[in-house]
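J.: Following this message is one structure expressed as structure tokens.
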Amino acid sequence: MTRELRAEHICLTNRFKRLSIVHASSGIVCLLGANGAGKSSLLEVLAGLTPATEGEVLWGGQPTAQRSLAELAVERGYLAQKPSIQFELTGRDCLQFFNDHTQQQIPDMLIEKLGLTTLLDKVYTHMSGGEQQRIFIARTLLQVWQPLMDGDALLILDEPLQSLDIRHQHALMCWLADLGIRGNQIVMSCHDVNIANTFADTVWLARSGELLASGPVEEVMTLDNLWRTFDCHFDFLEREPRGVFVPVSV
């Protein structure tokens, strides 16, 4: 079942201006914008973690403000931009905390897709930044694992690609694309315009707390829109399947 994510007349004082978004389809939404554009603030509101000054967010027709965080967490996974763990836990310990009590084993698919085999018995504080990030991504997905497999989950991911090397970035995006095809909704922020152009179904462009453009990737990812978003000029190179953007000047 596909659920509609709707933000109506949202405003958060000093962070972003009034905006309205309706996202009814499954697949990947990429939220792009320069530093300080308000991306993290918007994602926190959509996740039901930060109340809006005005307006409301609805998912599946129900205001998120009327649902407890525990209720939301059953079907909505949220990855913060800078999560951390201060304890000497292994990767397995970190994941088991979020494992459903009816599911004793960490799913093989999760281990395979995120390359976690060597991290399960490794102490978190001894991991590299990219390894730690993969553990946090795994925790987020594990939290909503059954709805995710059923195609009923909402994932809100704040810069999930940070610290990941190119191989793991590509592997993660391919898997997220597959999960979107399954019926899930994925809303993520990132700074790579070509990742968005390659994998996103929908793109939202933000600047200074304002949503400049939103819609299908082929309509929104234009040279003019990217200039207005990043104050950077791009060239476009024809490549299959969607082409490549190359920054040329500021």
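The values are calculated or read from the model by the stated rules, or taken from the named source; none is laboratory data. Predicted, not measured: the structure shown is a model, and the values here were computed from it. In this analysis, Cβ positions are derived from the backbone assuming ideal geometry, glycine residues included, and neighbour counts consider all displayed protein chains. Areas reflect the complete protein model, heavy atoms only, side chains present, ligands, DNA and RNA absent. Shrake-Rupley method; radii C 1.70, N 1.55, O 1.52, S 1.80 Å.
J.: Being outside any helix (DSSP H, G or I) and either closer than 24 Å to Val74 by Cα or touching a Ser or Thr at 6+ places or on another chain (Cβ under 7 Å) (or both) is the filter here; which residues of segment 121-156 pass it?
T.: Asp121, Lys122, Val123, Val144, Gly151, Asp152, Ala153, Leu154, Leu155, Ile156
J.: Something else: Could you check segment 162-184 and list, in sequence order, the residues that are outside any helix (DSSP H, G or I) and open to solvent by less than 20 Å² (accessible area, probe 1.4 Å)?
T.: Leu164, Gly183, Asn184
J.: To continue, here is another question. Go through segment 50-68 and give me each residue that's under 25 Å from Phe199 (Cβ atoms) and either hydrophobic (A, V, I, L, M, F, W, C) or assigned to a helix (DSSP H, G or I) (or both).
T.: If the condition is that a residue be under 25 Å from Phe199 (Cβ atoms) and either hydrophobic (A, V, I, L, M, F, W, C) or assigned to a helix (DSSP H, G or I) (or both), then Val57, Trp59 are the ones that fit.
J.: How about segment 225-250: which of its residues are among the small types (Gly, Ala, Ser), over 13 Å from Thr198 (Cα atoms) and in contact with a Phe, Trp or Tyr (Cβ under 6 Å, 6 or more places away or on another chain)?
T.: none
J.: With (1) open to solvent by 10 Å² or more (accessible area, probe 1.4 Å); (2) free of Cβ contacts under 8 Å to residues at least 40 places away in the same chain as the list, and Leu72 as the residue in question, which single condition is left unmet?
T.: (1)
J.: Any residue in segment 115-139 that is open to solvent by 30 Å² or more (accessible area, probe 1.4 Å) sitting within a Cβ distance under 9 Å of a residue that is assigned to a helix (DSSP H, G or I) and among the β-branched types (Val, Ile, Thr)? List the pairs, counting only those 6 or more apart or interchain.
T.: Qualifying pairs under 9 Å: Thr117/Ile111; Glu131/Thr118; Gln132/Thr125.
J.: Taking the criterion of being open to solvent by 70 Å² or more (accessible area, probe 1.4 Å), acidic (Asp, Glu), touching a strand residue (DSSP E or B) at 6+ places or on another chain (Cβ under 9 Å) and modelled with pLDDT of 95 or more, would at least one residue in segment 214-224 satisfy it?
T.: yes
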